[in-house]
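Let me begin by presenting the structure, written as C-alpha cells, before commenting on it.
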Amino acid sequence: MQRCGWVTQDPLYIAYHDNEWGVPQRDANALFEMICLEGQQAGLSWITVLKKRENYRRCFHHFDPQRVAAIAPEEVDVLMQDASIIRHRGKLEAIITNARALLAMQANGESFSDFVWGFVDNQPQITAASTSGEIPVTTPASDALSKALKQRGFKFVGSTICYSFMQACGLVNDHITTCHCHPGARG
C-alpha cells in the first residue's frame, strides 16, 4: 500500500496518515484541538507532538474550551514541570489564549467550524501533486486564515502552522496522487 513519503513505519504515524490526515473535520472542538496542537509543533516534527497528543488531552481537559480558558497561571507552572508534553511556556499559554479567543468568537455568534471552513469555500481543496515536494507550506488561504485568527487573538497561528492545520483537518487534501488516501486512488 503506497503512502505519502513523509510517513515513517511508526504505527502511530501510519494510523494518523491513513485515518485522520486530510479527512474533512468539521467538529469545532476537534478543530480547536488541532489548531492548538499544530502550534505546539512549531520548530519540531509532527510525530513529536503526535506521540504526546494523549498527554496534551489529559493536561488540557480534552481541549474543552471552557475548561482550558479557566486554567490559571499557577497551573501553567505545574504544566511546565510535566515532561509528557512540550515544556514551552509560550506554547502552553497559547492554548489557553486560543481557548479564550474561541469562546469570544462563540459569544459573538461565530461558529469556529464555519469560520475555518469559509477559507476554502466550505469545500475540501484536492491537490494533484505526484511528490511531497510539489506541496506548498503556505497558500493565500493559509495566509488569510492566519491573519484572521491573529485578529481574533489566537497565538502560534502563523501561515505555515495554519496550512498544516488545513492539511490535518481535511480543508485541503495533500495526499500525493499515488497514495492510497488520495481521493483519485479510491475506487
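Here are a few things to note about the model shown:
- Here the translational diffusion coefficient of the stretch 67-127 follows from Stokes-Einstein with Rh set to the Kirkwood radius across Cα pairs; for 4 °C and 1.567 mPa s it amounts to 95 µm²/s.
- Count Lys and Arg as plus one, Asp and Glu as minus one, and take only other residues whose Cβ is under 13 Å from that of Q167; the net charge is then -3.
- Extending 7 Å from Cα along the Cβ direction at E20 and again at T138 yields two label points whose distance is 2.6 nm.
- Calculated log₁₀ intensity ratio I(q)/I(0) where the Debye formula runs over C-alpha points of the stretch 40-84, q = 0.28 Å⁻¹: -1.10
- With all protein chains modelled, accessible area of R67 [1.4 Å, Å²]: 130 Å²
- Converting phi to 3J(HN,Hα) with the Karplus coefficients 6.51, -1.76 and 1.60 and the offset θ = phi - 60°, the stretch 55-65 yields 5, 4, 4, 5, 5, 10, 6, 6, 6, 6, x Hz in sequence order, with x at every glycine or proline.
- In nm, spacing of pseudo-spin labels at H62 and M1 (7 Å Cα→C-beta vector): 2.7 nm
- Calculated on the alpha-carbon coordinates, the convex hull of the chain measures out at 112 cubic angstrom per residue.
- Efficiency of FRET from Cβ geometry, D121 and V78, R₀ 30 Å, rounded to 0.05: 0.10
- Annotation: peptides 71-84, 26-39, 4-17, 155-168, ranked by per-residue average of other Cβ atoms within 10 Å with the highest first, follow the order 155-168, 26-39, 4-17, 71-84.
- Counting heavy atoms of the protein chains alone, W117 has an accessible area of about 0 Å² for a 1.4 Å probe.
- Taking a straight line from the alpha carbon of K155, these lysines sit under 16 Å away, with near neighbours fewer than eight places off in the same chain left out: K91, K147.
- Sequence of K147, K52 from largest to smallest accessible area, 1.4 Å probe: K147, K52
The values are calculated or read from the model by the stated rules, or taken from the named source; none is laboratory data. As the structure is a computational prediction, the values presented were derived from the model and not from experiment. Here the Cβ is made from the backbone with ideal geometry for all residues, glycine too, and neighbour counts use every protein chain on show. The accessibility values were calculated without ligands, DNA or RNA, using every heavy atom of the protein model including side chains. Shrake-Rupley method; radii C 1.70, N 1.55, O 1.52, S 1.80 Å.
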